[in-house]
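Every number here is computed from the coordinates shown, using simple stated rules; none is lab data. Because the structure is predicted, anything quoted here is derived from the model rather than measured. Note that each Cβ is placed from the backbone with ideal geometry, even for glycine, and that neighbours are counted across all protein chains shown.
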Amino acid sequence: MSEKQTFKVLLEKHEKMDATGITIPFDVKEVFGRMRVPVKVKINGAEYRSTVFHMGGKYMMVVPKRFREAAGVEGGEMITVEMERDTEARIVEPPEDLAQALDENPEAKASWEKLSYSHKREFAVAIEEAKRPETRERRVRRTIEELLKKGK
């Protein structure tokens with residue numbers, strides 16, 4: 001099998017968790033050499049970096065709301081997915097206001113540096129998606145609080 005895969009799959013909607021994801025229809029370990037693997041995914045021209053994981057005997061991947069919106073898809077649809085192993089460095093630059101808050105708090109910054117790419121991205125996206133300045137400030141503050149908790 002080629003390392004680049006194109007396949008049709010149901011975008012599964014999980015009502016209880018308000019989440020969507022896909023079940024990968026091939027043996028990820030055989031194709032990519034690992035059961036948990038970083039991937040680049042393209043749906044309807046929209047690109048996203050994610051990680052395939054193994055759970056309950058299946059290979060799966062979450063499809064977050066911002067990616068679904070960019071791709072113009074919804075849970076319950078059949079979609080065409082292009083997927084390949086992601087070999088590029090995964091670096092998340094914190095938003096400017098978070099970077100400043102991290103510089104002011106070395107303990108929080110040390111916790112930030114230990115986070116996985118996915119967790120850094122979650123914090124960064126939450127801050128960047130804030131519509132009001134006070135919401136953004138609150139999210140920066142909460143991020144620092146969470147990082148301090150993780151550091152203990």
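Observations on the structure shown:
- Using all pairs of distinct alpha-carbon atoms, the Kirkwood hydrodynamic radius of region 56-131 works out to 15.2 angstrom.
- Region 49-59 - phi-based ³J(HN,Hα) in whole Hz, Karplus 6.51/-1.76/1.60, Gly and Pro as x: 9, 8, 9, 8, 10, 9, 8, x, x, 10, 8
- Recomputing semi-axes √(5λ) of the Cα gyration tensor in Å from the coordinates shown identifies the correct label among (1) 31, 18, 14; (2) 37, 18, 13; (3) 21, 19, 15 as (1).
- Phi-based couplings in Hz for region 71-76 (Karplus 6.51, -1.76, 1.60; Gly and Pro marked x): 8, x, 10, 9, x, x
- The amide H of Val63, built 1.01 Å from its N in the peptide plane, has Thr20, Gly21, Ile22 as neighbours under 5 Å, considering only residues 5 or more places off or on other chains.
- Of Phe123, Phe67, the sequence from fewest to most neighbouring Cβ atoms within 10 angstrom is Phe67, Phe123.
- For Lys149, a cut-off of 27 angstrom between C-alpha atoms picks up these lysines, skipping any fewer than 8 places away in its own chain: Lys109, Lys114, Lys120, Lys131.
- Choice from Thr87, Thr51, Thr20 with maximal GNM fluctuation in the chain (Cα, 10 Å cutoff): Thr87
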